[in-house]
Amino acid sequence: MKYRFSYSLMFLLLGVASAQDTTGVGAIVGTVMDGAGTPAASVRVCALPTTRCVTTDDKGQFRIGELRPGRYQLEATGQNQPPVRSADVEVRAGLEDKVEVSLPKIDALQQTITVTESVFLAPEEVKNSGFLVQPTEIFKSAGALQDVSRYVQTLPGVAIGSDDFRNDIIVRGGSPLENLFIVDNIEIPNINAFANFASAGGTVSLLDAAMINDVTFLTGGYPSSYINRTSSVLQIVQREGNRESIQGRATLGFAGGGALFEGPIKKNRGSWIASFRRSFLDAFTDDVGFGGVPVVYTFNAKAVYDLTPKDRIWGVSVSGTDSIRLGPKDGKESDVEEFDIRYSGWRSANGFNWQRLFGNSGVGLLGLTHSEAKVGTTVRDLFRRGVPPVNTNTDQLIGASPVIYFDDSREGETTLKYDLTTYIPMFDKLQAGGSFKIFRLNYNTESPLGYDSPYSLQRDINPFFLRRSFRAYQSGAYFQSTKNVTKRLNLTWGGRFDNYQYIGETRFSPRAGVSYRLTDRLSWRASFGSYYQQPFFLFLSAYPVNRDLVPSRADHYVTGLSYQMSPTLRMTAEFYRKNYKDYPVSTQFPSLSLANVGDTFAVQQILFPMTSAGRGNVQGVEFFVEKKFTDKWFGQANLAFSRSRQAGLDEIRRPSSFDYPFIFNTVGGYRLTKKWELSTRLAFLSGRPYTPFDPVNSVAQNRGIFDLSRVNAERLPDYFRLDIRADRTFMVRDKPLLVFIGVQNVTNRKNVAGFGWDRRVNGIELNENLGVFPLIGMDWRF
């Protein structure tokens, strides 16, 4: 008898799919059906070439867990049948690949094993608010600029920040400062260029989209294994290099041009991959409209090696340097006229991981990581001594103008962590782990003349001189159990302890989640968790009173329904509420909360004396429909309604600066032919709140002063943007060359970023977002 093994599989990534990659492994779960189409019990299923095998239960269900990322063959051995194998099944870190295995009929002339309806699902412990992003979506979507943060801005409940030039992530009304970034088990304070120690966004990403393998984004109710952040977790897994041969890739896009190389470390034992990119605008001009040109270098690398069948090690590096000058130039108009700003910085995150498989049901991951960043900034106020004549020599003006902010500081963070996943009878799936962090901080920051805060009638308030080097420590531990209470009901419970040595505080964060399968296609899910976040060290150090700050707290309540219409099409609806407590607020201005700032490059504006007295809440509902990529098209659309309120020391809950009552996003792509692809993105957001100026006092002092009786009482006009992109593939020396062209803001809508005060005319100025912006790029694999 001849046996032929056929495999019918679609690698489809569902939006509900999200990863909790605590140990860097995945799983294959599914059901085995016999030749008559009924569940097959007592079938032995193995994942080859490993020795991991399981036996199906009375419903034909099985789970082979703790598999490293890669491709495996399923071998199924039914009663009175010889073993038969499938073609490759893919496993990804932190995901469960759900399949249906169909055994051949015993009397068939040609025996086959067919694996169908393969989808990547969240592990059972992730109940709500999770999204898996394919690398193709980041690399090819209109408007994403091959930047993971910008693509994430299209997901449910996520809003664009203060302007189109930054990639801040605003999740469910929370500040951009509330997001956690993890790359290959390395916690990175900021994954972007042109960032500072009091921000979480930037202009472009340090990560090369060509190296990304999986992106998971958790926006609420996430499990206890993640160190505390109060809004979201963005987790990125970079791909391995080619284990067979050396290959290369050249890219050109918004972030610049670069090259990527990859190859084996001993055939089939390991691999390496490395990417280097550099911005290129400075090769053509020394001024792009604001007095200078951004210059960025980035370096990404990853090496993986299998010591033994049970031991794998890998190392990762994410690094970048950047510099820019903003201000006027002689004979040229500049969008930045009143200040001379010089910025340069670098940041690097590096890590080593050792993964060990235990028997058939356990895995441990030991990680040692270090991240370091340095920022240098000098800001001069060119109008400090009065409004200069229009034709004043710029160099002389800069030399005569005082420095109002200076920073030459450095932050380092070393982390030792361990994560364990195992299975024991009472708890089913048990996860536990801990971490210890050492922070090395060296601040040389000053605001010698104080700051003309728009909240104050008094000029030059809060001058400070921070020259201090110190160490701080933070430790944490977590536990978590996931158990099938019944065949339809699954429960996850656990919590984590965190000790913040620098501020002398310890917190326990309980977490729980439940899922119930109403039908084969419809499920109900709910989760709860308390989340704490220590204020940034720069905030704690700027003023003596800030040392008394305590970790801010956010309690998440999430519930929703998920309906699976097909393996590639899904709809969800979720309701959420976040209650904030102990948020840092100003001690001087009763209406000012740190929750209302954060998406800004101007650090001086968000450094002020604080106390942990802020409270707030955000609640909303989100609707999401997603069609994952098949042979022709992909797309997703989401609609969110929300309400965000934050209170300062006066305890009056006002609309927060990140209150977007209505958000609609849609993004999709269509493959016209094997050579042509189109993609588009549309975003519509309600206008964000703002505080109008007090015209009398502002004119009297020739600077913007807020009307504090109307804090966030007005709204900017609604935001609308349409982006398009077209891709064309050519063959060059038998290698694919992708050329793309695109346009952001096709309609050239004048979206308002906000209002400022123009000291030259002593009046309000309108700040607009990006107009029509053409893009062109290429990607050549060789």
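The values are calculated or read from the model by the stated rules, or taken from the named source; none is laboratory data. Just so you know, these numbers come straight off a predicted model, no measurement behind them. Quick reminder, even Gly has a Cβ in these numbers, built from the backbone with ideal geometry, and neighbours come from all protein chains shown. Each accessible area value is taken on the protein alone, full model and side chains, heavy atoms only, with ligands, DNA and RNA left out. Shrake-Rupley method; radii C 1.70, N 1.55, O 1.52, S 1.80 Å.
Sorting the segments 724-733, 370-379 by their mean number of nearby beta carbons within 10 angstrom, highest to lowest, gives 370-379, 724-733.
Principal semi-axes of the equivalent ellipsoid, √(5λ) from the alpha carbon gyration tensor of the stretch 661-769, are 45, 17, 8 Å from largest down.
With unit charges on the beta carbons (Lys and Arg positive, Asp and Glu negative) and the dipole taken about the Cα centre of the chain, which residue among Gln73, Gly450, Val746 sits farthest to the positive side? Value computed over the given set: Gln73.
For the stretch 622-708, which trypsin sites (Lys or Arg not before Pro) are both in a DSSP coil and crowded by at most 16 other Cβ atoms within 10 Å? List each step's numbers first, then the result.
Numbers: sites: Lys627, Lys628, Lys632, Arg643, Arg645, Arg653, Arg671, Lys674, Lys675, Arg681, Arg703; in loops: Lys628, Lys632, Lys674, Lys675, Arg703.
Qualifying residues, ordered by number: Lys632, Lys674, Lys675.
Based on C-alpha pairs under 8 angstrom that are at least 6 apart in sequence, the stretch 664-782 has a relative contact order of 23 percent. A simple packing score, the average count of other Cβ atoms within 10 Å per residue, orders the peptides 659-668, 333-342 as 659-668, 333-342, with the highest score first.
Just the protein heavy atoms count here, and of the accessible area of the chain at 1.4 Å, carbon and sulfur take up 58 percent.
Straight-line cross-link partners of Lys374 among the aspartates and glutamates, defined as a Cα under 15 Å from its Cα and at least 8 positions apart when in the same chain: Asp322, Asp407, Asp408, Glu411, Glu413.
How big is the dipole moment of the stretch 269-327 about its Cα centre under a simple scheme where the beta carbon of each Lys and Arg is +1, that of each Asp and Glu is -1, and everything else is neutral? Debye, nearest 20, please. Mind dumping the intermediate values first?
Numbers: 7 positive and 6 negative charges, 82 e Å.
Around 400 debye, computed over the stretch 269-327.
Would you please calculate the Kirkwood hydrodynamic radius of the chain over all C-alpha pairs and express it in Å, rounded to one decimal? Result for the chain stands at 27.6 Å. Close amide-amide hydrogen proximity is noted between Trp633 and Arg671, each under 5 Å apart and 5 or more residues distant or on a separate chain (H modeled in the peptide plane; Pro and chain starts excluded). The listed peptides 310-322, 76-88, ordered by packing as a protection proxy, come out as 310-322, 76-88 (highest mean of other Cβ atoms within 10 Å first).
Percentage of Cα-Cα pair distances in the stretch 558-670 greater than 25 Å, rounded to whole percent? Walk me through the numbers before you get to the answer.
Working: 2689 of 6328 pairs.
The calculated P(r) of the stretch 558-670 puts 42 percent of pairs beyond 25 Å.
Picking from Asn167, Ala683, Ser361, whose Cα lies most toward the positive end of the charge dipole for the chain (charges on Cβ: Lys, Arg +1; Asp, Glu -1)? Most positive-ward Cα: Ser361.
In a reduced charge model with +1 at each Lys and Arg Cβ and -1 at each Asp and Glu Cβ, the chain shows a dipole moment near 1680 debye about its Cα centre. Please enumerate, by chain and number, the lysines with C-alpha under 27 Å from the C-alpha of Lys127, excluding those fewer than 8 residues away in the same chain. Within the straight-line limit of under 27 Å, Lys127 reaches these lysines: Lys59, Lys98, Lys417, Lys429, Lys483, Lys487, Lys578, Lys581, Lys627, Lys628. By a straight-distance test (C-alpha under 21 Å), which lysines pair with Lys632 as possible cross-link partners, with residues fewer than eight away in the same chain excluded? Once the sequence-local lysines are set aside, what remains near Lys632 is Lys140, Lys674, Lys675.
Net charge near Leu48, counting Lys/Arg +1 and Asp/Glu -1 over other residues with Cβ under 11 Å of its Cβ? It would help to have the intermediate numbers written out before the result.
Numbers: positive: Arg52, Arg71, Arg85; negative: Glu75, Asp88.
Residues near Leu48 contribute +1 overall.
Of all DSSP beta bridges confined to the chain, the antiparallel ones make up roughly 95%.
Counting only Cβ charges, +1 for Lys and Arg and -1 for Asp and Glu, the dipole size of the stretch 397-477 around its Cα centre is about 300 debye. Using only alpha carbon positions, build the gyration tensor of the stretch 225-382, then give the equivalent ellipsoid semi-axes as the square roots of 5 times its eigenvalues, largest first, whole angstrom. Equivalent ellipsoid semi-axes, largest first: 41, 21, 11 Å.
With each run of n ≥ 4 DSSP H residues scored as -39500 (n - 2.57), what mean residue ellipticity at 222 nm is computed for the chain after dividing by its residue count and rounding to the nearest 500 deg cm²/dmol? After summing the helix terms and dividing by residue count, I get -1000 deg cm²/dmol. Toward the positive end of the charge dipole of the chain, with +1 on the Cβ of Lys and Arg and -1 on the Cβ of Asp and Glu, the farthest Cα among Tyr500, His370, Ile273 is that of Ile273. Contact order for the stretch 360-508, expressed relative to its length and based on alpha carbon pairs under 8 Å spaced 6+ residues apart, stands at 19 percent. Taking every protein chain into account, the accessible area of the chain amounts to 39 square angstrom per residue (probe 1.4 Å).
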